[in-house]
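Here the structure comes first, spelled out in structure tokens, and everything after it is commentary.
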Amino acid sequence: MSNLDEMGKKVRKLQLRAAIAKTNLRDLAEDLPVNWTEIEEVAEKTHAVYAELDGAKRELAAMKNSR
């Protein structure tokens, strides 16, 4: 498997993780004020996965452009 294929696979996995994190954050928001103490933790996890996804997408784009 090429590096480009591996990076594409990584991006797809991160997209799934990001979608799950977004859903968790939305579900938490819908249940407020219940579990309000979890907002910071869930938001930080969501932020982290989206930051990782953004970096992976940029790296994938750079790999595609360098071909």
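Just to be sure, is Ala61 closer than 21 Å to Ser2 by Cα, surrounded by fewer than 13 Cβ atoms within 10 Å (Cβ to Cβ) and of a type in the set (Gly, Ala, Ser)? Explain how you work it out, then say what you get.
Values: closer than 21 Å to Ser2 by Cα: yes; surrounded by fewer than 13 Cβ atoms within 10 Å (Cβ to Cβ): yes; of a type in the set (Gly, Ala, Ser): yes.
Spelling it out, Ala61 is indeed closer than 21 Å to Ser2 by Cα, surrounded by fewer than 13 Cβ atoms within 10 Å (Cβ to Cβ) and of a type in the set (Gly, Ala, Ser).
Under 9 Å by Cβ, and 6 or more places apart or on different chains, what pairs join a residue from the stretch 18-44 that is free of Cβ contacts under 8 Å to residues at least 40 places away in the same chain with one that is among the basic types (Lys, Arg)?
Going by the 9 Å Cβ cut-off, the qualifying pairs are Ala21/Lys45; Asn24/Lys45; Leu25/Lys45.
Looking only at residues in the stretch 1-36 that are small (Gly, Ala, Ser) and either surrounded by 15 or more Cβ atoms within 10 Å (Cβ to Cβ) or at pLDDT 95 or above (or both), which one is nearest to the chain's Cα centre (by Cα)? Full working, then the answer.
In the first step, residues of the stretch 1-36 are kept if they are small (Gly, Ala, Ser); the result is 2, 8, 18-19, 21, 29.
Now restrict to residues that are either surrounded by 15 or more Cβ atoms within 10 Å (Cβ to Cβ) or at pLDDT 95 or above (or both): 8, 18-19, 21, 29.
Working: Gly8: 14, Ala18: 3, Ala19: 7, Ala21: 7, Ala29: 18 Å.
Ranking the candidates gives Ala18 first.
So which pairs qualify, if the first residue must be in the stretch 50-62 and within 15 Å of Ala21 (Cβ to Cβ), the second must be of a type in the set (Val, Ile, Thr) and surrounded by 12 or more Cβ atoms within 10 Å (Cβ to Cβ), the Cβ gap must be under 9 Å, and the two must be at least 6 apart or on different chains?
Hits for this filter: Leu53/Val11; Ala56/Val11.
Would you please name the residue that is nearest to the chain's Cα centre (by Cα), looking only at residues in the stretch 37-67 that are within 13 Å of Lys10 (Cα to Cα) and acidic (Asp, Glu)?
Glu52
May I ask you to list the residues in the stretch 14-28 that are of a type in the set (D, E, K, R) and within 14 Å of Ala51 (Cα to Cα)? Can you show your working first?
Filtering the stretch 14-28 for residues of a type in the set (D, E, K, R) gives 17, 22, 26-27.
Passing the criteria: Arg17, Lys22.
The values are calculated or read from the model by the stated rules, or taken from the named source; none is laboratory data. Because the structure is predicted, anything quoted here is derived from the model rather than measured. Positions of Cβ are backbone-derived with ideal geometry, glycine not excepted, and every protein chain shown enters the neighbour counts.
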